[in-house]
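The values are calculated or read from the model by the stated rules, or taken from the named source; none is laboratory data. The model shown is predicted, which means the values in this text are computed figures rather than measured ones. Cβ sites come from the backbone with ideal geometry, for glycine too, and all protein chains shown count toward neighbours.
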Amino acid sequence: MSIRAVLAIALALTAGAATPAPAVPLVDDPASYVDPFIGTTRGGNTWPGATRPFGMIAWSPTGTSGDQTNAPAANGYEYNTTKLRGFSLTHVNGAGCAPGAAGDVPILPYAGAVDSSPTADTKDTHFVGTYSHANETATPGRYTVTLDSGVRSDLAVTTRAGVADFTFPAGAAANLLFRTSNSLNGSEDAEITIDPATRTVNGSVLTGGFCGRRGNGGGATNPNRRSYYRLYFSAVFDRDFASTGTWQNSTLTPGGTTATGGEGYLTGADRAGRGSGGWVGFGTASDTRVGMRVGISYTSLGAAAANRDGEIPAQATPDLIAAQAREAWNTELSRIGVGGGTPARTTAFYTSVYHSLMQPQTLSDLDGRYLGADLQVHTIRAGQKAAYGTFSGWDQYRAQIQLLGLLRPDVAGDMATSMVDFAAQNKGIWDRWLHLGAPTHVMTGDPAAPTLATWYAMGVRNFPIGEALDSLVRQATVQNPDALSDAGCPGQCTGQRPTLNTYLALHYAANDICHCWGGAAETLENSLADFSLAMWAQRAGRNDLYRSLLPRGDYWKNTFNTAVGYQAARKADGSWQTGFTPSTDAGFAQGSSATYTWMVPQDVSGLATLMGGRPAAATRLDGFFHDENGNWAVLGGNALRYDPTNEPGIHAPWLYNGLGQPWKTQETVRQIVDTAYGVGPSGLPGNDDLGTMSAWYVFAAMGFFPQVPGRAEMLLGSPVFTRVVLTRSNGVRLTVNASSTDTYVQRVTLNGSTLGKSWLPESFVQRGGTVSFTLGTTANQSWAVTGLPVDH
């Protein structure tokens, strides 16, 4: 055959061959898919106001249901309550206790005369604003609403400051009320100073009180019913004041320029009618718009002004700052590009990423100073770009910190450094739940250990590694005096690693003497924390620590009661607490025995063995996700079933991978994604818990989930997008391709090679790669039925 003939045949074959399908385009403006109203009802406790990624300022409405000392939701905003007392400068995303924290300095634009003290308006009948959702919009970094009074408020923010335009009806009174003492939990003190010559309003509020009202945290003696920060603000206006005034308690002082006074931390008659604030008024005959720039700080009034002027130029407008905020959010959101999904899932996805990146929040000022855990002002370390605060440890270590470590290992390192320094400022104690840098003692376990161990496994290195590991090991091995106290128990026990010496002697937390919120829960949490520390020690070449800590990862077996087949509360004498049922919460924290029994992600095979083997364990897991009639039961509300609203069991759908039935992980996760989550204000199943529940959705939608804290393997589900490209800030790229968005995995390849396991190795996270799914509508029960990589 001639060369010409060969070429002709080759050309013909080429022409007839199918050309590769073009890559599915990725969303090019992910901020347009963010709906800040998702989670603002149904107990999601999110809020729609303006903030930046990891922002210090979070400018959002504080609503009212007719009680000045209470808010309609934990963080101030409830979608079904369209009545507000002001736009507060600080918020915490999705915290569960009501009220949670912050909500500092509500600022109310009021188109009426200030003829009585706003603090005396205890039922919020006079100095309030009502509105319709038809006149309310929210996008990343911007919030706008027109009240029924005709006042339009347009808010936009940088990291530490905000700019607002308030537009009043022509000819109406135009006043801005600064309710300086009216933080969500109350306040110990507050102050305001109005300077007409410089058009400034300066002030501060001394407050704190995170979860300070919860009944299971000591009632009136709750250790968090205290002040642990002062929030400073400095606002400057673009117009002269036409009037000023102040108030303290029920006393109104027209023309006043200074006032002080807090509200206390109680509710009802003990707090109502107390507090202070001030107002500035403007003429509207020739100009109805009032422009304001405001900066905040936790260190000083001067720093608040410097943050304001350093981040927002004098002539800046909400349009300009909002455009910059949108760009900042798109930079972060675009670190995960997705394509090939439905509009609803894309909205749920990018809103979940958005919620996941709100906190921990920037704590340091532009000059690097920040408020420490010891309530003193410190300066960030050399090389540290910022200090970060507000770590919901018990919640976040199960999903949110893994997402942070994936997307922003550089920021995670600065966060780890912040946590190291907070512990050093707190007598070496790593508290479970930090509001800003302050210990609140909320929840159980030692979540800082799995947090930093996980980040280290994911390649985070820009923090004092040896110092951090040594400090956490000391906490896990040396009894501290506070751990021998019942103060704050059960919800906010002041001691970290409570009754440690007894725990180390018994190899479990005895429920009758543990000074903790449930001995069985404490045992499970500490077992997982110690396993994480062991993994970290092994990676760091500290084999002595590895060998001493690894056996402690098995202590969970000592609270597994084989007679009943569940985790259970156990006493110091070795006996089991009487009256056990699987639905009991005795010995547990915010969950039942039925939920906590599955909280052993570090040893799924060991758990299965105690349950009678993997098939038997899988059958039991079936009953956790289905009712007696075989119907799905994944929406919560039943102590015997899966609860998507709280953390101890959120990993459970992925346990089928370790039990040899990964197709059940695929169908269970997809059921939760499509029924417990959604779009609109009720789109979250419950408390977002500082982005934890949102992070769960992000992982589920991408088709993989962290296997166990302290390591970087990922368990496989099935993605709801046909293309995902995740680019870490260190340049490592993770790519997910899928043949469709069907539920069931038929085949998977990793970097072109067939993958016969239902998990991705650590190298996928650490060095990147491409995982490709072939999906279908029926379960493939022969794919990836082997066990897990970390199973001892």
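Please tell me if residue 256 is assigned to a loop (DSSP other than H, G, I, E, B), modelled with pLDDT of 95 or more and either small (Gly, Ala, Ser) or outside the structural domain of residue 378 (by TED's automatic domain parsing) (or both). Against the criterion (assigned to a loop (DSSP other than H, G, I, E, B), modelled with pLDDT of 95 or more and either small (Gly, Ala, Ser) or outside the structural domain of residue 378 (by TED's automatic domain parsing) (or both)), residue 256 qualifies. Answer yes or no as to whether residue 396 is closer than 16 Å to residue 692 by Cα and either out of contact with any strand residue (DSSP E or B) (no Cβ under 9 Å at 6 or more places or on another chain) or surrounded by fewer than 24 Cβ atoms within 10 Å (Cβ to Cβ) (or both). Answer is yes for this residue. The single condition from (1) without any contact (Cβ under 8 Å) to a residue 60 or more places away in the chain; (2) assigned to a loop (DSSP other than H, G, I, E, B); (3) not charged (D, E, K, R) that residue 501 fails is (2). Can residue 751 be described as within 19 Å of residue 357 (Cα to Cα), outside the structural domain of residue 404 (by TED's automatic domain parsing) and surrounded by fewer than 21 Cβ atoms within 10 Å (Cβ to Cβ)? When the stated conditions are applied, residue 751 does not pass them. When restricted to residues that are of a type in the set (Gly, Ala, Ser) and under 17 Å from residue 708 (Cβ atoms), the stretch 410-458 contains 5.
The criterion of at least 2 residues that are among the hydroxyl-bearing types (Ser, Thr, Tyr) and modelled with pLDDT of 95 or more is met by the following helices (runs of 4 or more DSSP H) wholly inside the stretch 386-452: 409-425. For the stretch 333-380, what are the residues that are surrounded by fewer than 24 Cβ atoms within 10 Å (Cβ to Cβ) and under 21 Å from residue 24 (Cα atoms)? Those that are surrounded by fewer than 24 Cβ atoms within 10 Å (Cβ to Cβ) and under 21 Å from residue 24 (Cα atoms): 334, 335, 337, 339, 340, 341, 342, 343, 344, 345, 346, 347. Evaluate the stretch 762-769: report whether one residue or more is of a type in the set (Lys, Arg) and outside any strand (DSSP E or B). The answer is yes; a qualifying residue exists.
Inclusion of residue 473 among residues that are within 19 Å of residue 381 (Cα to Cα) and β-branched (Val, Ile, Thr) is not warranted. Checking each residue in the stretch 654-670 for being in contact with a Ser or Thr (Cβ under 9 Å, 6 or more places away or on another chain), free of Cβ contacts under 8 Å to residues at least 60 places away in the same chain and of a type outside the set (A, V, I, L, M) picks out only 656. Highlighted here are the strands (runs of 3 or more DSSP E) found entirely within the stretch 51-141 that include at least 1 residues which are crowded, with 24+ Cβ neighbours inside 10 Å and of a type in the set (Ser, Thr, Tyr): 58-63, 83-88, 107-110.
Of all the numbered requirements in (1) closer than 30 Å to residue 384 by Cα; (2) in contact with a helix residue (DSSP H, G or I) (Cβ under 9 Å, 6 or more places away or on another chain); (3) at pLDDT 95 or above; (4) not basic (Lys, Arg), residue 523 misses one, and that requirement is (1). Considered as a group, the residues in the stretch 195-208 that are buried (at least 24 other Cβ atoms within 10 Å of the Cβ) and modelled with pLDDT of 95 or more include one that is farthest from residue 101 (Cα to Cα), and that residue is 201.
The criterion of at least 1 residues that are closer than 22 Å to residue 198 by Cα and not aliphatic (A, V, I, L, M) is met, among helices (runs of 4 or more DSSP H) falling completely within the stretch 283-365, by 301-311, 318-333. Give the residue that is nearest to residue 307 (Cα to Cα), with candidates limited to residues of the stretch 171-202 that are part of a loop (DSSP other than H, G, I, E, B), touching a Gly at 6+ places or on another chain (Cβ under 9 Å) and not hydroxyl-bearing (Ser, Thr, Tyr). Only one residue tops the list, namely 179.
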